[in-house]
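The values are calculated or read from the model by the stated rules, or taken from the named source; none is laboratory data. Just so it is clear, the model here is predicted, and its values are computed rather than measured. Here the Cβ positions follow ideal geometry from the backbone for every residue, glycine too, while neighbour counts run over all protein chains shown. Areas reflect the complete protein model, heavy atoms only, side chains present, ligands, DNA and RNA absent. Shrake-Rupley method; radii C 1.70, N 1.55, O 1.52, S 1.80 Å.
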Amino acid sequence: MGIPAAPMVTIAFKDLAKTNAAKRGMPLQRISFTPHPVWGKTDAEMYAYLEGNDPVSGKPLMKEVVDSLTRPLIAEESKTGTVTPPTGAPTFTDTADNLQQYFLDNGMTDFMPIILPTQEKVDAMLKATSHKPDEVVGKMTPARGAFPEWSYTVQHVAVNAVMAGATPDYFPTLLAIASTGISALFSSTNSLVSAAVINGPIRDTLQMNYGIGAMGPFNQANAVIGRAWTLMSKNLDGGGVAGETYMGSQGNIINYNNLIIPENEKDSPWPPFHVQKGFKPEENVLSFFFGFSIAQGQGGKGLGMKPIPHFHEAMSANCAPFATLYGALFILDPLVAHGLGDLGYKTKDDVANWLQKNTTVTLKDVRTMLFSAPPRDSANLPDDTVIPKWPRPESFVFVVCGGQTNPYHQIANMSYRLSVSIDKWT
């Protein structure tokens, strides 16, 4: 026997909780509901929730929770089930317009027209890898622990690649993304976003844009690789279903294509990011990031505005309140990176060390900041004690990208996850 558990969910997620329990074969799972929201409530307001009634059942909430933990399960409540991912019809023959509508009606698109994945196009995609069509690439879920993981094959990835508008030479990159199991559509009430930095010769092989407008809609490879990641996150793990497997309260425009960032290695004064992670310069590598947002900044030597202090100001404004949970990904135009060197910051470590020491908060801020914890030895220190906002310089990542029309930078409140080889999927 396991340890008894009784889920408590706010009423805003009633349908989500009941639907997911039923999909797992537990339609009668005992779930207690509280009023919504719980965010920002005082202790007195929270106690009132606990001392009141379940807004769904109308029963006293805490008595209901105790009963759920102590009453023996009846036979129907003891049943379990499994989740079988939908596969759809093996073939579908109709007009092109009706096929488009079929994909749209079944939630398999990003609500923009797709390239229809005909057998001919899928077969052409599969020729771009030495891996077999039925080889399992990985498993993905909108949120580990909250939803089951779906597994998928090389052929499944190929179908989504075609739908996104990929050509076969993009396919190893898309397989590398799929192999990580990282969904671009993470289920959270926060409207989270994902990014991938691409390094190595493949940036030129695919004619990716790492110069002017690199993160805008100005290059097929940049756009399609990002879009394919979103489509895979919908179709290979059941993600992106608003109100069921996606709960971002407002959503985020970045989820359409994600942030695809080919590094401008040739104009950078620093080693490329994948070399920092132990790869060779000639290897093709994807590095993944995850977090909240991105904001543009300006600051350069010739503008009477040193970039380092401006980084500090921008981070203070745009990287809160989840400061210690997510890091800061700096995307620097080559002009900014070289300007930092002219100011005496010759390496990325030089910049990171300065920022970690000079981007500060008071203990009072940390003690009230969501997902942040004060240093262990700070219990007896006064609230106005100043400490670094990020505990480690490693929280800062620097990538060079841009076309040198002006010394601009962008800062994403995102943390590094992992790096994977693209070459192994050729």
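Brief remarks on what is shown
- Any chance Ser287 is at pLDDT 90 or above, assigned by TED's automatic domain parsing to the domain that holds Pro148, closer than 23 Å to Asp423 by Cα and of a type in the set (Ser, Thr, Tyr): yes
- Residue count for region 114-130, restricted to those that are assigned to a loop (DSSP other than H, G, I, E, B) and open to solvent by 100 Å² or more (accessible area, probe 1.4 Å): 1
- Residue in region 16-26 that is among the basic types (Lys, Arg), open to solvent by less than 90 Å² (accessible area, probe 1.4 Å) and modelled with pLDDT under 80 present: yes
- Filter result for Ser378 (under 28 Å from Ser194 (Cα atoms) and open to solvent by less than 60 Å² (accessible area, probe 1.4 Å)): no
- In region 48-61 there is no residue matching the filter, namely being closer than 20 Å to Val241 by Cβ and either at pLDDT 80 or above or open to solvent by 70 Å² or more (accessible area, probe 1.4 Å) (or both).
- The set of residues in region 393-405 that are buried (at least 21 other Cβ atoms within 10 Å of the Cβ) and either modelled with pLDDT of 90 or more or out of contact with any Ser or Thr (no Cβ under 9 Å at 6 or more places or on another chain) (or both) comprises Phe396, Val397, Phe398, Val399, Val400, Cys401, Gly402.
- Residue in region 99-107 that is in a loop (DSSP other than H, G, I, E, B) and open to solvent by less than 80 Å² (accessible area, probe 1.4 Å) present: yes
- Check on Pro133, out of contact with any Cys (no Cβ under 8 Å at 6 or more places or on another chain) and either closer than 20 Å to Ser419 by Cα or crowded, with 18+ Cβ neighbours inside 10 Å (or both): no
- Given (1) open to solvent by less than 60 Å² (accessible area, probe 1.4 Å); (2) farther than 24 Å from Gly213 by Cβ; (3) more than 26 Å from the chain's Cα centre (by Cα), index of the condition Trp390 fails: (3)
- For region 18-38, the criterion of being on the phi < 0 side of the Ramachandran plot, under 34 Å from the mean Cα position of the chain (by Cα), of a type in the set (Val, Ile, Thr) and not in a loop (DSSP other than H, G, I, E, B) is met by at least one residue.
- Any hit, region 406-415, residues being more than 18 Å from the chain's Cα centre (by Cα), within 15 Å of Leu259 (Cα to Cα), buried (at least 17 other Cβ atoms within 10 Å of the Cβ) and β-branched (Val, Ile, Thr): no
- Taken together, the residues in region 229-281 that are over 10 Å from Asn199 (Cβ atoms), charged (D, E, K, R), open to solvent by 20 Å² or more (accessible area, probe 1.4 Å) and in a loop (DSSP other than H, G, I, E, B) amount to 4.
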